[in-house]
1. Please verify whether S70 is in contact (Cβ under 8 Å) with a residue 40 or more places away in the chain and either touching a strand residue (DSSP E or B) at 6+ places or on another chain (Cβ under 9 Å) or among the acidic types (D, E) (or both), treating the condition exactly as stated.
2. Pairs only if they're at least six apart or on different chains, beta carbon under 8 angstrom, first in segment 117-134 and within 15 Å of T157 (Cα to Cα) and touching a residue at least 24 places away in the same chain (Cβ under 8 Å), second of a type in the set (S, T, N, Q) and part of a loop (DSSP other than H, G, I, E, B); list them, first residue then second.
3. Assuming S139 fulfils every condition listed in (1) under 12 Å from V85 (Cβ atoms); (2) surrounded by fewer than 20 Cβ atoms within 10 Å (Cβ to Cβ); (3) polar (S, T, N, Q) apart from one, which condition is it?
4. Confirm whether L105 is outside the structural domain of V24 (by TED's automatic domain parsing), under 20 Å from R178 (Cβ atoms) and hydrophobic (A, V, I, L, M, F, W, C).
5. Here's a check for you: in segment 150-176, which residue that is more than 20 Å from W246 (Cβ to Cβ) and of a type in the set (S, T, Y) is farthest from the chain's Cα centre (by Cα)?
6. Filter segment 1-57 down to the residues that are charged (D, E, K, R), part of a helix (DSSP H, G or I) and either touching an Asp or Glu at 6+ places or on another chain (Cβ under 6 Å) or more than 24 Å from D233 (Cα to Cα) (or both) and list them by number.
7. Residue check: is S235 at pLDDT 95 or above, touching a Pro at 6+ places or on another chain (Cβ under 6 Å) and either in a loop (DSSP other than H, G, I, E, B) or closer than 22 Å to A87 by Cβ (or both)?
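The values are calculated or read from the model by the stated rules, or taken from the named source; none is laboratory data. The structure displayed is predicted, hence computed values, not measured ones. For neighbour counting, all protein chains shown are included, and Cβ atoms are generated from backbone atoms with ideal geometry for every residue, glycine included.
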Amino acid sequence: MKWLLENMLMPPTGLYLMVLAGLVLRWRARRPLVRGAATALAASGALLSVTLSLPLVSFLLLDGLQSFPSLDPAADSIDADVIVVLAGDVDCDPPEYGSDQPGALSQLRCRYGAHLSRRTGLPLVITGGVLRPDRRPASHVLRDYVEDELGVTVAWTEDDAKTTRGNARGVARLMNQRGYTRAAVVTNAWHMPRSVEAFEREGVDVLPAPTGAHPAPSQIIRGLIPRARSMRDSSWALHEYVGMLWYRISD
């Protein structure tokens, strides 16, 4: 139900439904006031669809979340006991590989987590559970990628989490068992605020290790030309804002 509601309400589906509902209501309505409201609803959905597709808008939304600075790339050590990579997306059965592979977000996080582990010698942990009943845990898919493709050993995996809050709870439990208290958490820069909040609520001392910060458009004119990728980026940002709000009201 949560998955269905999220996909129905968040862009772009929620915006398309606004336009459709407005058009249907306008077609069926008899009263001028109702027809006016229906027209406004459809127009708002269309305007928001265009607005959220602008690279400048998606950047501003994501940049509001990118509040944690990157770690010093020249440092040989960091103030942490363990490096924790939060699993993201997984590509299911790509034909060129024949088995599940990390998606673009997960690869970005894995590369940086492996880089930090190789540079500092700290143990690397990956957290992520089963995303679909017929699949392996995401953490196992990412572990195989890190070890086979990047040549870095994964110390252990947390295999039950399906949400950021679940990542925090599972990793905190495993860290307590091993006597660790401070974790360098690796995730996308725009996902870091919600991740830090979730881990700190579980009693984990967090060193934010963001990666993949969303850059500003190179030119203003480029930022005002709608792009499908920018709609995706805006959707990620809105998902984070709603997620942070939900975490705060659901405790």
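1. Judged against the criteria, S70 is a match.
2. Cβ pairs passing all conditions: L124/T153.
3. Every condition holds for S139 apart from (2).
4. no
5. T153
6. Matches in segment 1-57: R26, R28, R35.
7. Yes; evaluated as a whole, the condition is true for this residue.
Residue-wise test of (1) buried (at least 19 other Cβ atoms within 10 Å of the Cβ); (2) among the charged types (D, E, K, R); (3) outside the structural domain of L54 (by TED's automatic domain parsing).
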site	(1), (2), (3)
V171	yes, no, yes
L174	no, no, yes
G179	no, no, yes
W190	yes, no, yes
R229	no, yes, no
G243	yes, no, no
